[in-house]
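J.: Got a structure for you, written out below as structure tokens; questions coming shortly.
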Amino acid sequence: MPLTGRKTLTQYLIEQRRRFPQASGDFNALILDVAMACKAIARAVGKGALAGSHGAQTTELGGKSINVQGETQQKLDVLANDYFLRITEWSGHLAGMASEELEEPYQIPAQFARGKYLLVFDPLDGSSNIDVNLTVGSIFSVLRAPNPDAALSEQDFLQPGNQQVAAGYALYGPSTMFVLSVGDGVAGFTLDTDLGEFMLTHPRMQIPATTQEFAINASNARFWEAPVKRYVDECLAGKSGPREKDFNMRWIASMVAEAHRILTRGGVFLYPRDSKDASKPGRLRLLYEANPIGFLIEQAGGRASTGRKPMLDEQPSQLHQRIGLVFGSRNEVERIERYHAEPL
Ligand code: AHG
Ligand code: MN
Ligand code: MN
Ligand code: MN
């Protein structure tokens, strides 16, 4: 144990690596680069309006920059994306990357060596919260490259979430945190801004199986499917309803912050499939939002689902595919799955 009395992220990774005596160290180096990118983003987010990085990204012609999702890109979406690329591409650990902000998979530039992992990320989650100075985060997933020596293709990324080697997020809130699973539970680290190190503060995050707190964007209620309506109605009915207890509700509009609350004290989050837009079977993206968060939630004893089946069993068909997502305390997610399975 160092003088500070807490383990650093580096120490945690070295200890985890002892489970795999043949490991080369590439994986640990990759995670440390991702953590470095998150520290750089934390600094940019923390400077706020002073850094001139609030607001929408503009194009060379002065218009608003739109990403493949059809969303207006914030300046910080673009900056965070660049930090992820620049801080990880050089190392020789990656065969390629994919990001919410890039339409196509990112090829490792020819001057750098290629490696055996794929990195997939949402550089800034909750970016509508940037300009109002509320919590945002970054989400990432590490996969093995199926063909590390062949040319990179979209197909390489289309792996179900249960194939993830690791997943995690950084949270840029009152303190900056880095929350990680390498497949052996979930560990949370808090940034010590004096040392510039992530220190282990939450060694084994566990989600309680029961909860009285749910999170959903209720403005979409008219578009919900019947099982979701039923679930929310029953929560709202409180003590006198079939659940026989009162529920509380939260909505931050940064999924990563909702996931962190749920990993800390339980709860359930729904961004379900709905009928709002026929071209979008859900709001959130499978590869860089639902799968990494699903991996962490399951590693903490919770459950992540499409409503119909375990999220991590879903076979992706497209890089930017969207999906309905339900995650959190196990008993609630199982109940929502039951409602989907029951005839109306
Ligand atoms: P992003 O900022 O990466 O595009 O993701 C935003 C997502 C997610 O974080 C959040 O839960 C959801 O969008 C909020 O959606 P609503 O605007 O419908 O509340
Ligand atoms: Mn976005
Ligand atoms: Mn997001
Ligand atoms: Mn984003």
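J.: Considering Cα pairs under 8 angstrom that are at least six residues apart, work out the relative contact order of segment 69-118 and quote it in whole percent.
T.: 35 percent
J.: Hey, another quick one. Peptides 79-86, 9-16: what's the order by average Cβ count within 10 Å, highest mean first?
T.: Put in order of decreasing packing, that is 79-86, 9-16.
J.: Give me the number: length gained by fully extending residue 59 to residue 153, i.e. 0.36 nm times residue separation minus the C-alpha to C-alpha distance, one decimal in nm.
T.: Computed gain between residue 59 and residue 153 is 31.1 nm.
J.: Considering only 97, 24, 14, whose Cα is most displaced toward the positive end of the charge dipole of segment 1-126, charges sitting on Cβ of Lys, Arg (+1) and Asp, Glu (-1)?
T.: The listed residue farthest towards the positive side: 14.
J.: Whole number please: convex hull volume per residue, Cα atoms of the chain, in Å³.
T.: Once divided by residue count, the hull of the chain is 149 Å³.
J.: Let me ask something else. Roughly how many nanometres apart are two label points built 7 Å out from the Cα toward the Cβ at residue 10 and residue 72?
T.: Placing both labels 7 Å along Cα→Cβ, they lie 4.3 nm apart.
J.: Starting from the Cα of residue 233, step 7 Å along the direction of its Cβ; do the same at residue 32; then give the gap between the two resulting points in nm.
T.: 5.6 nm
J.: Below 8 Å, C-alpha to C-alpha, sequence gap of six or more: please give me the relative contact order for segment 84-209 in percent.
T.: Relative CO of segment 84-209 lands at 16 percent.
J.: What does the charge add up to near residue 72, with Lys and Arg as +1, Asp and Glu as -1, over the other residues with Cβ less than 15 Å from its Cβ?
T.: Once all neighbours under 15 Å are counted, the net charge is -3.
J.: Can you give the local net charge around residue 150? Use residues other than it whose beta-carbon is closer than 11 angstrom to its beta-carbon, Lys and Arg +1, Asp and Glu -1.
T.: It works out to a net charge of -1.
J.: If r is the Cβ-Cβ distance from residue 315 to residue 194 and R0 is 35 Å, what FRET efficiency results, to the nearest 0.05?
T.: Efficiency, from the Cβ-Cβ distance: 0.15.
J.: Right, here's the next one. Count the net charge of all other residues whose Cβ sits under 12 Å from the Cβ of residue 298, scoring Lys and Arg as +1 and Asp and Glu as -1.
T.: +1
J.: A follow-up question, please. Sorting check: for 174-187, 46-59, which peptide has the highest mean count of neighbouring beta carbons within 10 Å, and how do the rest follow?
T.: Put in order of decreasing packing, that is 174-187, 46-59.
J.: Under 5 Å between amide H atoms, partner at least 5 residues away or on a different chain: which partners does residue 213 have, H built in plane at 1.01 Å?
T.: Distant-sequence amide H within range of residue 213: 248, 268.
J.: Using just the helices of the chain, give the 222 nm mean residue ellipticity in deg cm²/dmol: DSSP H runs with n ≥ 4 each add -39,500 (n - 2.57), and the total is spread over all residues, rounded to 500.
T.: Calculated mean residue ellipticity at 222 nm is -8000 deg cm²/dmol.
J.: Another question, then. Can you give the charge dipole size of the chain about its Cα centre, rounded to the nearest 20 debye, using +1 on the beta carbon of Lys and Arg and -1 on the beta carbon of Asp and Glu?
T.: Dipole of the chain, to the nearest 20 debye: 800 debye.
J.: Separate question: What length, rounded to one decimal in nm, is gained on full extension from residue 50 through to residue 335, with 0.36 nm per residue of separation minus their alpha-carbon distance?
T.: 98.0 nm
J.: While we're here: Mean separation of Cα pairs under 8 Å and 6+ residues apart, divided by the residue count of segment 225-344: what relative contact order is that in percent?
T.: After rounding, I find 28 percent.
J.: Can you give me the span-like helices of the chain, meaning DSSP H runs with 27 Å or more of Cα extent along the axis and Kyte-Doolittle mean at or above -0.5?
T.: Helix filter hits for the chain: 26-47.
J.: Charges on Cβ only, +1 for Lys and Arg, -1 for Asp and Glu, centred on the Cα centroid of the chain; of 175, 214, 79, which one is farthest towards the dipole's positive end?
T.: Final value for the positive-end residue is 214.
Read the figures in this text as sums done on the coordinates, not as results from a lab. All values reported here derive from a predicted model rather than from experimental measurement. So basically every Cβ, Gly included, is an ideal-geometry build from the backbone, and we count neighbours across all protein chains shown.
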